[in-house]
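K.L.:
First the structure, then my questions, so here it is.
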Amino acid sequence: MTTAPENQLASLQQKVESREARIGIVGMGYVGLPLALLYSSQRFKVTGFDIEERKVATLNAGGSYIVRILPSEIQEAQKAGFRATSDYSEIAQMDAVIICVPTPLDEYHEPDLSYITGTVKSIAPWLREGHLIVLESTTYPGTTEEVVVPLLEAGNKSGLKASRASGQRGFYVAFSPEREDPGNETVARHDIPKVMGGCGPVATQMATALYGSIFHRVVPVSSPAVAEMTKLLENIYRCVNIALVNELKQLCMKMGIDIHEVIDAAKTKPFGFQAFYPGPGLGGHCIPIDPFYLSWKAQQFDFRTRFIELAGEINTAMPHFVIEQTANGLNEHSKALKGSKVLVLGVAYKRDIDDLRESPSLTIIELLREKGALVSYNDPYFPTVGRGRHYDLNMTNTPLDNLGQYDAVLIVTDHSDYDYKTIVEQSQLVVDTRNATKGISSPKIVRC
Ligand SMILES: NC(=O)c1ccc[n+]([C@@H]2O[C@H](COP(=O)([O-])OP(=O)(O)OC[C@H]3O[C@@H](n4cnc5c(N)ncnc54)[C@H](O)[C@@H]3O)[C@@H](O)[C@H]2O)c1
């Protein structure tokens with residue numbers, strides 16, 4: 001029996017209100033797992049889907065594999081009905097399915113949508129009328145309409161279509177970008193407004209009902225493409241502004257001006273300025289990658305995204321700049337990089353998190369090794385660093401003692417656990433890429 005979209009909307013709204021709505025979240029990673037916990041904390045029964053059996057088993061045993069998520073949080077969610085599975089047939093029992101799978105770049109620096117297409121193909125056979133599917137993975141404008149919807153329509157045997165207009169029956173699809181800022185304790189996740197673009201007004205209303213139950217503000221937009229582009233604008237804005245300060249930092253160094261003092265002064269302006277900080281290069285799953293999703297798409301329109309390209313060029317060169325500054329610092333001590341013992345502090349891509357995807361530390365370690373330096377690392381969040389998509393380091397965490405044995409200590413990630421004063425006191429040479437030694441005066445410090 002089929003039901004009109006208006007009834008399906010009312011039915012979902014009622015199920016959300018009564019917490020009977022069953023929510024499936026695909027991808028139990030840095031985005032999907034916290035979202036699952038958020039829904040669980042609001043008494044929803046959530047099922048987490050992941051293809052990695054290790055993650056499924058850990059979650060079902062009440063454990064966690066993300067440092068900032070405690071096992072007790074998983075166990076609390078289990079009491080509300082949370083469980084994990086790799087069995088896609090369970091999609092049929094869900095009312096809404098949220099997709100949070102990775103969107104990396106491939107070896108040619110082009111969008112790799114294989115995780116999204118793989119997920120969507122696995123969901124499609126289990127679709128039923130009234131299902132709501134929401135994509136959260138960051139991607140180029142057009143993905144939801146041009147990739148997700150056609151695959152969902154082609155993959156279900158009953159010939160169901162996406163419902164776009166009033167009176168049209170089927171399933172419902174929306175895009176809602178994730179705006180997580182790992183390690184940011186200043187804004188609670190439910191206080192981050194959620195942008196929502198559905199394929200048609202009913203899809204937007206359904207997704208708004210679903211997310212409105214846990215987020216304080218939902219911002220509906222006219223289409224999935226607008227929502228997809230919104231996320232890219234946010235990330236490109238960061239990428240370009242970071243490139244700007246990275247470039248100005250290099251000029252300031254030549255001019256004998258402290259860029260951090262300049263930024264601190266500029267940010268006292270109460271309007272028209274937002275502070276961005278220079279660093280050793282971009283890291284993480286978003287800022288170094290997402291802008292290139294748009295550059296790639298722009299080619300279809302015979303359009304070049306020059307800001308993105310220039311920012312990419314400047315930011316990608318930063319690890320090389322750090323190596324140059326380290327070599328200069330060693331030179332002052334009549335030493336060469338080749339044969340020098342170098343300790344890299346921090347491999348996470350940013351402070352106080354356990355994520356090293358695209359971390360500039362990895363590039364810096366590789367570059368140091370290429371130059372013949374003897375490299376060790378310390379990072380409280382990573383006992384080992386093995387192999388990833390773009391690196392194969394095979395290293396073990398070195399304890400933070402006997403710092404005097406290193407010819408140079410490089411601060412690449414400014415974890416708050418580090419005692420920078422002691423580090424400077426005990427080291428021969430400190431190269432600080434994060435302004436972590438602010439306020440410490442020593443001729444041993446090279447700030448870059
Ligand atoms: N991490 C962040 O801070 C952040 C912030 C904003 C947006 N995003 C975006 O969110 C998306 C997810 O990022 P993430 O950091 O959570 O990635 P992640 O790698 O931490 O997690 C993705 C999960 O999806 C699983 N997976 C992959 N293919 C699957 C499939 N076919 N079926 C089921 N599970 C599958 C993986 O095993 C993994 O557990 C990306 O598009 C990313 O750009 C991430």
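The values are calculated or read from the model by the stated rules, or taken from the named source; none is laboratory data. Just so it is clear, the structure is predicted and the values come from calculations on it, not from any experiment. Neighbour counts run over all protein chains shown; Cβ positions are idealised from the backbone, glycine included. When the accessible area is computed, the model is the full protein with side chains, heavy atoms only, and any ligands, DNA or RNA have been set aside. Shrake-Rupley method; radii C 1.70, N 1.55, O 1.52, S 1.80 Å.
K.L.:
Would you mention how many residues in the range 117-138 are touching a strand residue (DSSP E or B) at 6+ places or on another chain (Cβ under 8 Å) and more than 10 Å from residue 91 (Cα to Cα)?
P.N.:
So the count comes out to 10.
K.L.:
While we're on this one: What about residue 95, is it open to solvent by 30 Å² or more (accessible area, probe 1.4 Å), among the acidic types (Asp, Glu) and more than 27 Å from residue 380 (Cα to Cα)?
P.N.:
So residue 95 does not fit the description; no.
K.L.:
May I ask you to list the residues in the range 332-350 that are outside any strand (DSSP E or B) and of a type in the set (Val, Ile, Thr)?
P.N.:
Step one: filter the range 332-350 for residues outside any strand (DSSP E or B), giving 332-340, 346-350.
Matches in the range 332-350: 347 only.
K.L.:
Looking at (1) open to solvent by 20 Å² or more (accessible area, probe 1.4 Å); (2) at negative phi, find the lone condition where residue 263 falls short.
P.N.:
Answer for residue 263: the failing condition is (1).
K.L.:
Of the residues that sit in the range 174-202 and are surrounded by 15 or more Cβ atoms within 10 Å (Cβ to Cβ) and small (Gly, Ala, Ser), which one is nearest to the chain's Cα centre (by Cα)?
P.N.:
Of everything passing the filter in the range 174-202, 176 is nearest to the chain's Cα centre (by Cα).
K.L.:
Please tell me if residue 211 is open to solvent by less than 70 Å² (accessible area, probe 1.4 Å) and out of contact with any helix residue (DSSP H, G or I) (no Cβ under 8 Å at 6 or more places or on another chain).
P.N.:
yes
K.L.:
Looking at the range 124-173, which of its residues are open to solvent by less than 30 Å² (accessible area, probe 1.4 Å), among the aromatic types (Phe, Trp, Tyr) and within 16 Å of the ligand (Cβ to nearest atom)?
P.N.:
Correct list: 140 only.
K.L.:
Residues of the range 141-159 being at pLDDT 95 or above and assigned to a loop (DSSP other than H, G, I, E, B), which ones? Spell out how you get there, then give the answer.
P.N.:
The initial filter retains those residues of the range 141-159 that are at pLDDT 95 or above, namely 141-155.
The answer is 141, 142.
K.L.:
Next up: Residues that are in contact (Cβ under 8 Å) with a residue 24 or more places away in the chain and basic (Lys, Arg), at least 2 per element: which helices (runs of 4 or more DSSP H) completely within the range 200-280 meet that? Please lay out each step first, then the result.
P.N.:
Working: elements: 201-212, 224-255, 259-266.
Qualifying helices (runs of 4 or more DSSP H): 224-255.
K.L.:
Can you pull out every residue in the range 279-295 that is away from the ligand (no atom under 15 Å from the Cβ) and open to solvent by 10 Å² or more (accessible area, probe 1.4 Å)?
P.N.:
Of the residues in the range 279-295, the ones away from the ligand (no atom under 15 Å from the Cβ) are 279-281, 295.
281, 295, listed by residue number.
K.L.:
Spot the failing condition for residue 36; the list is (1) within 13 Å of the ligand (Cβ to nearest atom); (2) part of a helix (DSSP H, G or I); (3) surrounded by fewer than 18 Cβ atoms within 10 Å (Cβ to Cβ), and only one is missed.
P.N.:
So residue 36 meets the others, but not (3).
K.L.:
Turning to a different aspect of this structure: I'm trying to understand the selection: among the residues of the range 363-416, which are open to solvent by 50 Å² or more (accessible area, probe 1.4 Å) and under 11 Å from residue 345 (Cα atoms)? Break it down into steps so the answer makes sense when it comes.
P.N.:
Step one: of the range 363-416, the residues open to solvent by 50 Å² or more (accessible area, probe 1.4 Å) are 363, 366, 369-371, 374, 380-381, 383-384, 387, 389-390, 392, 394, 396-397, 399-402, 405, 416.
Of everything in the range 363-416, those that are open to solvent by 50 Å² or more (accessible area, probe 1.4 Å) and under 11 Å from residue 345 (Cα atoms) turn out to be 380, 397, 399, 400.
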